[in-house]
Each structure stands twice: as C-alpha cells, then as structure tokens.
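Remarks on the structure that follows.
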Amino acid sequence: MPTFSRGNIKMAIASVRNTKWRSMLTMLGVIIGIVSVVMVVGIGEGVKQEVAVQINQFGDDLITVRPGNVYKDGKIATNTDVLFGLNSISGLTEKDLAAIRKADHVRLAAPLSVVPGSIKAEGKTFDNNLVLATNSDLPGALNRSVPYGEFFASKDEGGNFAVIGKHVATAMFDDNVPLGRSFEFRGQTFIVRGVFDEFKSTPLSPVSNFNSAIFIPYQVAERLTGNSTQMYSILTKPDKPANTDKAMTAVNRELLAAHGGQKDFSVLDQKQSLDSSSNVLDLITTMIAAVAAISLFVGGVGIMNIMLATVTERMHEIGVRKAIGATNRQILNQFIMEATVLSLFGGVVGIILSLLGVYGLRVYTDLKPIVSWQAIVLATATSLAIGILFGALPAIKAARKDPIEALRHE
C-alpha cells in the first residue's frame, strides 16, 4: 500500500497546476461519471418520495386489488406500474367486484377500467386523455371530494355523465370549471358534471395521473364496448381504518372462492403498494446508475493514458531523482499521488456540478430530485479508488526505470 508524504502531495498539486487544460480534460470522464451517478440516484429518490406522497394522499386505509399475483417467494416482485397496476396483462371482472363488496368490513369498492377512444370537444380531437370507467364510490376511495359540481351518483350511473381532471378542463375547454359543457366519445355525447381539484402526481407516472383523466360511469363503458371492459384495479376501503387488515383478509377469502382457489390476484394495503412501486424505481435507478458508472471507468482509463504519457515526458526528471537517492517506492508514491489528485479534483468538481444540476432540476422542471449523501460518499470514494487503481500501472513503470537510461532520455 503506497504511503503519501506532504512533499508528494505538493509535487502532485504543482504538476496538475502546470498542465491545467490537460488535467481538466483528463478529469472530464470522472466528472461526467460522478455527475451522472449522483443526479440519477437523486432523481430516483425524488420520484420515490413523490410516489409515496401520491399514494398516501388517498388515505392509509386504501386497499388496492390488482389482477395477477405480485408476490414471488413471499416478497413483492417488480411491477411495471407505479400506482394501481394499469399495465397488468389480464383484468378483473364484475364478478370480482361483487365478491369484494360482499366481503366483511368493506365499505365501498370502486373499479378502474381504461376505455380506449378519441375525444372530440368544440371542434377539436384529443387522443392523449385517459378515459377511465368507474362508479360512484371513487371519490370515497380516493379520499377526494369534487369541489366543482358533483360526482355522478349511483342512480345516475346509466347516464352519459363525466367528471374530469383539472388538466382536462383547461386543455379541452380552456376553462377551469366547464360544468355543463359537452364532448363526444365513441359516438356518444357526455356532459361534464364535475371537476376534480388537482391531484398530487409525479411526472414519471403519466398513466396514473388523474389530472389528465376523464371519469365516466362503468355501466356506460360496458354499453359502449359491448361488455368487454376489464378492470385493471379495484379500490376498496374498510368500514373504519382500524379494520383494514380484517377487510383485506375478508377480500382475499371472497376472491379465492370466486377464483376457484386460484391466487391470480393481489390485495395490497398502502405500504405494499408503495413497496411494489419502489421496486420498479429502484431497478430503473440502479440500471441507469450502472450505465452512468461506466463513465467513471472511462475516466480512469483516461487518467492511466495521460499518466503513461507523463511518465515518458518526465523520464529525465525520474533519472535525476533516482540519481540523488530516490527509491523506487518514492517514485511509485509520487506518480500514484498525481493520479489520485487528478481523480480527487475530478470528484470534487463532479459533486459541485451534480449539486448545481439537482438544484436546476428542482427549480426549472417538475422533477424534485433529492441529494443522496450516500451516493456522494460512494462517488468520492470511487474517484479516489480510480486514481489509485489506474495510476498504479504508470507509477510502476516510472519506478522500475533504470536511472542511467532515464538520464540519457531526451
């Protein structure tokens, strides 16, 4: 293990100062790698926190029933949706909804189904809105009221009424409260009966962004699609929060009976829904951070190449130092220290730029990344390790030089 004296440190800093531009280019790979890793991890942590806020706004007693079993070996497996399971392959049915409603301690159950199709409003066609079929229990399930107008009641679930998200109101009608306005969907005219207040949402979960959703009665959706609508989720709540676990047990029991004992569904509380979402975000963050970390390796190769060139350029200096008594170990330490200083400076610059980048994202975008001190410490330690690792080969080459041959080198 090399030992670094104060003299070696001073010589290393002086060498970096004497070749500022070359040193900066050498550090560029390390800088890019650290900025990428810190910012990617920060964005991932920020999105996880936003998803937690997004899920928790619906209340701690929300129970989510999804198609398919999200458990694997007793643990929640990765799921591609960050909220209610929209991307599931198969759907739930009205039979499942009836079974859930029959379960003990269940107060309400609201289905969610996607209904494809374009929307026409005031002479314009809109293809990007999410049309969801549900029932009158949805406001209670989402722990939300409808501040403008009202949600359709159970007696109105056969009518062509709609409740829209805040963003839909401004995008389609250029009006914050377009009550009584109409739009066409799948050949039918729907009347806007209510407008939800803005939901807290994460920009990386567009499929679950209820601000851009249009809610229509499930019975109407069945009529429009020829009874082919599948529920991608059923949201339910217990009669009181203290009975959440009892309600989940009862829902599991009723659904197992309805499915002939086949566990092809999942009943999740809020914590489990969040864990499922976090698994996806952790996987994505890890994959992108691993790709970004390659830049650190490239930066290390750059340091090694520059140090090899530096050894050749300073061959005469190495010969003089050896001639006046410098040992191989001292030469080794000198050049390893120079490589370490390069990587350390690159690490410091990378951390500063990553903090500025995180600040810029928070101020100028919808993303709210969180600075991860663990990522910063890991990036700093990695940059130091890169300096020592990739500086070792050039340093060994310099230390093994014959002093007479080095003095003859021009």
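The values are calculated or read from the model by the stated rules, or taken from the named source; none is laboratory data. Predicted model, so just to flag it, every value in this text is computed and none were measured. Don't worry about glycine lacking a Cβ; one is built from the backbone with ideal geometry, like all the others, and counts go over all protein chains shown.
What the table shows:
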| item | result |
| --- | --- |
| Helices (runs of 4 or more DSSP H) wholly inside segment 1-109 containing at least 1 residues that are modelled with pLDDT under 80 and surrounded by fewer than 14 Cβ atoms within 10 Å (Cβ to Cβ) | 6-18, 20-56 |
| Residues (over 22 Å from Glu222 (Cα atoms), at pLDDT below 90 and in a loop (DSSP other than H, G, I, E, B)) located in segment 115-173 | Glu122, Gly123, Leu142, Asn143, Arg144, Ser145 |
| Counted residues, segment 371-396 - those being aliphatic (A, V, I, L, M) and at pLDDT below 75 | 1 |
| Unmet criterion (only one of (1) closer than 25 Å to Thr26 by Cα; (2) of a type in the set (S, T, N, Q); (3) at pLDDT 80 or above; (4) surrounded by fewer than 22 Cβ atoms within 10 Å (Cβ to Cβ)) for Ser354 | (4) |
| Residue within segment 372-385 that is part of a loop (DSSP other than H, G, I, E, B), touching a residue at least 12 places away in the same chain (Cβ under 8 Å) and within 26 Å of Gln49 (Cα to Cα) present | yes |
| Residues located in segment 356-371, provided they are part of a helix (DSSP H, G or I) and under 10 Å from Val38 (Cα atoms) | Gly357, Val358 |
| Test for Val177: is it in the same structural domain as Glu222 (by TED's automatic domain parsing) and part of a loop (DSSP other than H, G, I, E, B) | yes |
| Condition met for Leu353 (part of a helix (DSSP H, G or I), at negative phi and not hydroxyl-bearing (Ser, Thr, Tyr)) | yes |
| Near pairs, Cβ below 7 angstrom, 6+ apart or cross-chain, from segment 328-341 (in the same structural domain as Pro394 (by TED's automatic domain parsing)) to any residue that is among the β-branched types (Val, Ile, Thr) and not in a helix (DSSP H, G or I) | Asn333/Thr3 |
| Close pairs from segment 310-324: first of a type in the set (Ser, Thr, Tyr), partner buried (at least 18 other Cβ atoms within 10 Å of the Cβ), Cβ under 9 Å, at least 6 apart | Thr310/Ser15; Thr310/Phe335; Thr310/Glu338; Thr310/Pro394; Thr310/Ala398 |
| Single match in Ala121, Ala109 (criterion: under 20 Å from Met231 (Cβ atoms) and either touching a strand residue (DSSP E or B) at 6+ places or on another chain (Cβ under 6 Å) or aromatic (Phe, Trp, Tyr) (or both)) | Ala109 |
